[in-house]
Amino acid sequence: MNTFEAISQRRSIRRFKDTPISDEIIIKILNAGIQAPSGKNRQPWRFIVVKEDKRPEMIRIMRESIAKVKEKGGDTGSSEWTTNSMEKAPVTIFIFNPYAENTTDYGHKSSVVDVQSTGAAIQNMLLAAQELGIGTLWICDVFYAYSELCAWLGETHEMIAAVSFGYPDESPNARPRKPLEEVTKWF
Ligand SMILES: Cc1cc2nc3c(=O)[nH]c(=O)nc-3n(C[C@H](O)[C@H](O)[C@H](O)COP(=O)(O)O)c2cc1C
C-alpha cells in the first residue's frame, strides 16, 4: 500500500472484531508515531497502551463520568457511542503532552506547536495501522472523563486524545469532504 492509498482508504472505524492485536503490531504502530516531525524536535508525546485486560475498567470510568455529566444536565455529545466503540476495540492508546500540566479546564489549550506535533504522531499511527489492516478511531470524547481517566492512568500531564485500534468489523463509506476549491486559496 502506498501512502496515497493509505490516506484515501482510511476511515474512522467504530466496530471492531474481537481479534486481539499482537504487541509486535502495536509496537510497529507506535514506532510510526514517534517518527513524526515535531516543533523543535520536542517530541511532545507519551503513550499509554490500554489492552483488553484493562478495557472493562476504562469503559466503566467512561460510562460513570458521562453519567455524572448527564446528572448535572450537561451535554454528552457523541461520547456514549464512542464508548461503545472503545468497548469493542482491543487497544486504545492515550496520547499526552508531557510539557503541559494536567488541567480539568476543557477550554485549556496546550501550545499550538505541541498540538500540531502530537496530531502528526497520531496521524502517522493511523496510516501505519491502515497499512497493517487495522482500523482506528481517533477519540476526543475521552475529555468527558478527563480527570477520571488521568487519575486512573496515573498521569499528571495533559491528555491530548485517545485512539482505539482493532481489526475492522465494518467498511464505512468515505465521509464527505469540502471541495478543495472551497478550502484552498491559491495566492
Ligand atoms: C481530533 C479528532 C477527534 C475525534 N474524536 C472523535 C470521537 O470522540 N468519537 C468519534 O466517534 N469520532 C471522533 N473523531 C472521528 C471523526 O468523527 C472523523 O474523523 C470524521 O467524521 C471524518 O470521518 P473519517 O475519519 O472516516 O474520514 C475524531 C477525529 C479527530 C481528528
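The values are calculated or read from the model by the stated rules, or taken from the named source; none is laboratory data. Note that the structure is predicted; figures quoted are calculated from it, not measured. Neighbour counts are summed over all protein chains in view; Cβ atoms, including those assigned to glycine, are modelled from backbone coordinates with ideal geometry. These area figures cover heavy atoms from the full protein model, side chains too; ligands, DNA and RNA do not enter into them. Shrake-Rupley method; radii C 1.70, N 1.55, O 1.52, S 1.80 Å.
Looking at PRO56, PRO20, which one is assigned to a loop (DSSP other than H, G, I, E, B) and surrounded by fewer than 17 Cβ atoms within 10 Å (Cβ to Cβ)?
None of the other options fit; the residue is PRO20.
Within the range 29-44, how many residues are assigned to a helix (DSSP H, G or I) and surrounded by fewer than 17 Cβ atoms within 10 Å (Cβ to Cβ)?
5
Is it the case that THR83 is assigned to a helix (DSSP H, G or I) and either at pLDDT 95 or above or within 16 Å of the ligand (Cβ to nearest atom) (or both)?
yes
Hey, any hits in the range 88-95 for a residue that's over 23 Å from ILE134 (Cβ atoms), touching a Phe, Trp or Tyr at 6+ places or on another chain (Cβ under 7 Å) and either more than 16 Å from the ligand (Cβ to nearest atom) or open to solvent by less than 60 Å² (accessible area, probe 1.4 Å) (or both)?
Scanning the range 88-95, I find no residue that is over 23 Å from ILE134 (Cβ atoms), touching a Phe, Trp or Tyr at 6+ places or on another chain (Cβ under 7 Å) and either more than 16 Å from the ligand (Cβ to nearest atom) or open to solvent by less than 60 Å² (accessible area, probe 1.4 Å) (or both), so the answer is no.
Those residues that are open to solvent by 40 Å² or more (accessible area, probe 1.4 Å) and either within 13 Å of the chain's Cα centre (by Cα) or within 10 Å of the ligand (Cβ to nearest atom) (or both), I need them from the range 109-145; list them, please.
Matches in the range 109-145: VAL115, GLN123, ASN124, TRP138, CYS140, PHE143, TYR144.
Of the residues ALA36, ALA89, ALA67, ALA32, which is over 18 Å from the mean Cα position of the chain (by Cα) and modelled with pLDDT of 95 or more?
The unique qualifying residue is ALA67.
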